[in-house]
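Trainee: Have a look at this one.
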């Protein structure tokens, strides 16, 4: 596919995210997609789609902007900012994210989001995140909690 088609795919993904339409987001992925970010670590296949299903279902006071969409025949990227209420603490989080994509057969086969987990933890967790968010202990706890939430969501479906 062309860079125009891949740019349109990225745009379609984020427009679906703006509507909290996880099914449309997951439809942009190959069945064996590899997703990664600092909170969840690496997710593969259905787990990646289920992560979006969980996040969109639980979203409170959510908004998303995206820009700098770029792509070529093989890969692409975008910048996006999600603003939402973190349900565990009631704190507002503004998460600034750089995304990288790899394409195969007109779909996203790799999606890697990068953001500052310490910045996120300061917003989401408050004082605890400020003091300890940079430590491996808190980083590992965030990942464990995220994966626990995903497994519970999957079990409830």
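Rule-based calculations on the coordinates, nothing more; no lab input. These figures come from a predicted structure and were not determined experimentally. Reconstructed Cβ throughout: ideal geometry from the backbone, glycine too, with neighbour counts over all protein chains shown.
Trainee: Can you give me the number of residues within segment 64-74 that are in a strand (DSSP E or B) and touching a residue at least 40 places away in the same chain (Cβ under 8 Å)?
Mentor: At the first step, the residues of segment 64-74 found to be in a strand (DSSP E or B) are 64-71.
Right, trim to touching a residue at least 40 places away in the same chain (Cβ under 8 Å) and you get 64, 66, 69-71.
So the count comes out to 5.
Trainee: Moving on to the next point. Taking the condition surrounded by fewer than 16 Cβ atoms within 10 Å (Cβ to Cβ), within 20 Å of residue 144 (Cα to Cα) and touching a residue at least 12 places away in the same chain (Cβ under 8 Å), does residue 11 pass? Outline the logic, then answer.
Mentor: On the way: surrounded by fewer than 16 Cβ atoms within 10 Å (Cβ to Cβ): yes; within 20 Å of residue 144 (Cα to Cα): no; touching a residue at least 12 places away in the same chain (Cβ under 8 Å): yes.
In short, no.
Trainee: Return yes or no: is residue 103 in contact with a strand residue (DSSP E or B) (Cβ under 7 Å, 6 or more places away or on another chain), more than 20 Å from residue 154 (Cα to Cα), in a strand (DSSP E or B) and touching a residue at least 60 places away in the same chain (Cβ under 8 Å)?
Mentor: Numbers: in contact with a strand residue (DSSP E or B) (Cβ under 7 Å, 6 or more places away or on another chain): yes; more than 20 Å from residue 154 (Cα to Cα): yes; in a strand (DSSP E or B): yes; touching a residue at least 60 places away in the same chain (Cβ under 8 Å): yes.
In short, yes.
Trainee: Being under 25 Å from residue 7 (Cβ atoms) and under 13 Å from the mean Cα position of the chain (by Cα) narrows it down to one of 82, 146, so name that one. So that I can check it myself, show each step before the final result.
Mentor: On the way: 146 fails: under 25 Å from residue 7 (Cβ atoms).
The conditions single out 82.
Trainee: Is segment 24-34 home to any residue that is loosely packed, with under 15 Cβ neighbours inside 10 Å, free of Cβ contacts under 8 Å to residues at least 24 places away in the same chain and touching a strand residue (DSSP E or B) at 6+ places or on another chain (Cβ under 7 Å)? First the steps, then the outcome.
Mentor: First, the residues of segment 24-34 that are loosely packed, with under 15 Cβ neighbours inside 10 Å: 27, 31-32.
Still in the running and free of Cβ contacts under 8 Å to residues at least 24 places away in the same chain: 27, 31.
Add one more test, that the residue is touching a strand residue (DSSP E or B) at 6+ places or on another chain (Cβ under 7 Å), and what stays is none.
No, the conditions are met nowhere in segment 24-34.
Trainee: Also: Do the conditions hold for residue 113, that is, is it surrounded by fewer than 14 Cβ atoms within 10 Å (Cβ to Cβ), in contact with a strand residue (DSSP E or B) (Cβ under 6 Å, 6 or more places away or on another chain) and in contact (Cβ under 8 Å) with a residue 12 or more places away in the chain?
Mentor: Numbers: surrounded by fewer than 14 Cβ atoms within 10 Å (Cβ to Cβ): no; in contact with a strand residue (DSSP E or B) (Cβ under 6 Å, 6 or more places away or on another chain): yes; in contact (Cβ under 8 Å) with a residue 12 or more places away in the chain: yes.
No.
Trainee: When you go through (1) at negative phi; (2) loosely packed, with under 14 Cβ neighbours inside 10 Å; (3) touching a strand residue (DSSP E or B) at 6+ places or on another chain (Cβ under 7 Å); (4) not in a strand (DSSP E or B) one by one for residue 88, which number turns out not to apply?
Mentor: Residue 88 satisfies every listed condition except (3).
Trainee: How many of the residues in segment 2-54 are over 11 Å from the mean Cα position of the chain (by Cα) and on the phi > 0 side of the Ramachandran plot?
Mentor: 2
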